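Note sheet for the following structure.
The values are calculated or read from the model by the stated rules, or taken from the named source; none is laboratory data. Because the structure is predicted, anything quoted here is derived from the model rather than measured. Note that we place each Cβ from the backbone using ideal geometry, even for glycine, and neighbour counts take in every protein chain shown.
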Amino acid sequence: MALKLNIVICSTRPGRIGPSIANWFHEFAANNSGFDCQLVDLADFDLPIYNEAHHPRSGIYEHAHTKNWSESVNAADAFVFVTPEYNYCPPPAFVNALNYVYNEWNYKPCGFVSYGGAAGGIRAATLARQLVTTLKMMPMVEGVMVPMAWNHLDDHKVFHSNDLIDPSAVAMLAELEKWTTALKTMR
């Protein structure tokens, strides 16, 4: 049975370019890894600021949006977070989504496809790596950075990678497969 990789679009704002980058990575991962890849858009879950009465570690969820998010996270063996950089940080919707559940994240590896201006979202990805460790996740050292991301979009808002981006995606996916296989034994 193939390992399941959720590719999560972390920005929820109108006008975002994250879906274009995530669509590219989804196709790239499907063609360059052994993962069963699924695209997941945080915007589809419409998570308000955390509003459950119980701590996420309890697994007691009252709201349908939390139950749906829990099922999505629980079903995956690994994650790639496609994230922009907002003021040197990952988007608030992503941080909120991380905090919504706890056990569902445990002992799963993750990678980051970051995008933004000249820094390519690397500062947001660096901070996000620290955040996921508190959820007992294993972030990959390898990552994909897309500087000046809007310059990679065509007139139809389709993202086009290049010879600098593709090798980093190959390296991250290879490491992610190793860690996913290893950590699955812990779950």
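Among the residues that make up segment 102-112, is at least one of them surrounded by fewer than 20 Cβ atoms within 10 Å (Cβ to Cβ), of a type in the set (Lys, Arg) and under 20 Å from residue 73 (Cα atoms)?
If we filter segment 102-112 for residues that are surrounded by fewer than 20 Cβ atoms within 10 Å (Cβ to Cβ), which is where we start, we get 102-104, 106-107.
After this cut, where a residue has to be of a type in the set (Lys, Arg) as well, the list is none.
No, segment 102-112 has no match at all.
When you look at residue 185, is it without any contact (Cβ under 8 Å) to a residue 12 or more places away in the chain and surrounded by 13 or more Cβ atoms within 10 Å (Cβ to Cβ), yes or no? Show your work before the answer.
Numbers: without any contact (Cβ under 8 Å) to a residue 12 or more places away in the chain: yes; surrounded by 13 or more Cβ atoms within 10 Å (Cβ to Cβ): no.
Taking the combined requirement at face value, the residue does not satisfy it.
Is it the case, given these coordinates, that residue 180 is within 18 Å of the chain's Cα centre (by Cα) and within 19 Å of residue 72 (Cβ to Cβ)? Don't jump to the end; show me each part of the working.
Details: within 18 Å of the chain's Cα centre (by Cα): yes; within 19 Å of residue 72 (Cβ to Cβ): yes.
Judged against the criteria, residue 180 is a match.
Being farther than 20 Å from residue 124 by Cβ and among the hydrophobic types (A, V, I, L, M, F, W, C) is the filter; apply it to segment 1-31 and report the residue that is nearest to the chain's Cα centre (by Cα).
Restricting to residues being farther than 20 Å from residue 124 by Cβ and among the hydrophobic types (A, V, I, L, M, F, W, C), the top hit is 5.
Tell me, yes or no, whether segment 36-58 has at least one residue that is closer than 28 Å to residue 170 by Cβ and over 14 Å from the mean Cα position of the chain (by Cα).
Taking segment 36-58 as the starting set, the residues that turn out to be closer than 28 Å to residue 170 by Cβ are 36-42.
Then drop every residue that is not over 14 Å from the mean Cα position of the chain (by Cα), which leaves 36.
Yes: one or more hits.
Could you run through segment 16-42 and say how many residues are touching a residue at least 60 places away in the same chain (Cβ under 8 Å) and in contact with a Cys (Cβ under 8 Å, 6 or more places away or on another chain)?
Number satisfying all stated conditions: 2.
If I ask for residues that are assigned to a helix (DSSP H, G or I) and closer than 16 Å to residue 19 by Cβ, which ones from segment 144-167 would you list? Before you say what the answer is, go through the steps one by one.
Let us first name the residues in segment 144-167 that are assigned to a helix (DSSP H, G or I), namely 149-152, 166-167.
Correct list: 149, 150, 152.
Of the residues 80, 95, 40, only one is surrounded by fewer than 20 Cβ atoms within 10 Å (Cβ to Cβ), among the hydrophobic types (A, V, I, L, M, F, W, C) and closer than 23 Å to residue 149 by Cα; which?
Numbers: 80 fails: surrounded by fewer than 20 Cβ atoms within 10 Å (Cβ to Cβ); 40 fails: surrounded by fewer than 20 Cβ atoms within 10 Å (Cβ to Cβ).
Of 80, 95, 40, the one residue that is surrounded by fewer than 20 Cβ atoms within 10 Å (Cβ to Cβ), among the hydrophobic types (A, V, I, L, M, F, W, C) and closer than 23 Å to residue 149 by Cα is 95.
Evaluate the following for residue 141: is it without any contact (Cβ under 8 Å) to a residue 40 or more places away in the chain, more than 26 Å from residue 14 (Cβ to Cβ) and in a helix (DSSP H, G or I)? First the steps, then the outcome.
Working: without any contact (Cβ under 8 Å) to a residue 40 or more places away in the chain: yes; more than 26 Å from residue 14 (Cβ to Cβ): yes; in a helix (DSSP H, G or I): no.
No; evaluated as a whole, the condition is false for this residue.
Report whether or not residue 170 is outside any strand (DSSP E or B), modelled with pLDDT of 95 or more and under 15 Å from the mean Cα position of the chain (by Cα). Talk me through it step by step, then tell me what you get.
Details: outside any strand (DSSP E or B): yes; modelled with pLDDT of 95 or more: yes; under 15 Å from the mean Cα position of the chain (by Cα): no.
Considered against the rule, which asks whether it is outside any strand (DSSP E or B), modelled with pLDDT of 95 or more and under 15 Å from the mean Cα position of the chain (by Cα), residue 170 comes out as no.
Give segment 131-182 a look and list any residue that's farther than 30 Å from residue 107 by Cβ and surrounded by 13 or more Cβ atoms within 10 Å (Cβ to Cβ), or say none. Walk me through it before giving the result.
Keep residues of segment 131-182 that are farther than 30 Å from residue 107 by Cβ, which gives 147-164.
Once the filter is applied, which keeps residues that are farther than 30 Å from residue 107 by Cβ and surrounded by 13 or more Cβ atoms within 10 Å (Cβ to Cβ), segment 131-182 yields 147, 149, 150, 152, 153, 159, 161.
How many of the residues making up segment 97-111 are more than 18 Å from residue 183 (Cα to Cα) and either touching a Pro at 6+ places or on another chain (Cβ under 8 Å) or of a type in the set (D, E, K, R) (or both)?
To start, the set of residues in segment 97-111 that are more than 18 Å from residue 183 (Cα to Cα) comprises 97-101.
Then keep just the ones that are either touching a Pro at 6+ places or on another chain (Cβ under 8 Å) or of a type in the set (D, E, K, R) (or both); that gives 99-101.
Residues that pass the stated criteria total 3.
Is it the case, given these coordinates, that residue 91 is in contact with a Cys (Cβ under 8 Å, 6 or more places away or on another chain), more than 23 Å from residue 171 (Cβ to Cβ) and not acidic (Asp, Glu)? Write out each step before concluding.
Values: in contact with a Cys (Cβ under 8 Å, 6 or more places away or on another chain): yes; more than 23 Å from residue 171 (Cβ to Cβ): yes; not acidic (Asp, Glu): yes.
Yes.
Which count do you get for residues in segment 79-125 that are of a type outside the set (A, V, I, L, M, F, W, C) and within 12 Å of residue 137 (Cα to Cα)? Show your work before the answer.
Keep residues of segment 79-125 that are of a type outside the set (A, V, I, L, M, F, W, C), which gives 83-88, 90-92, 96, 99-100, 102-104, 106-109, 111, 114-117, 120-121, 123.
Next, only the ones that are within 12 Å of residue 137 (Cα to Cα) stay: 102-104, 106-109, 111.
Count: 8.
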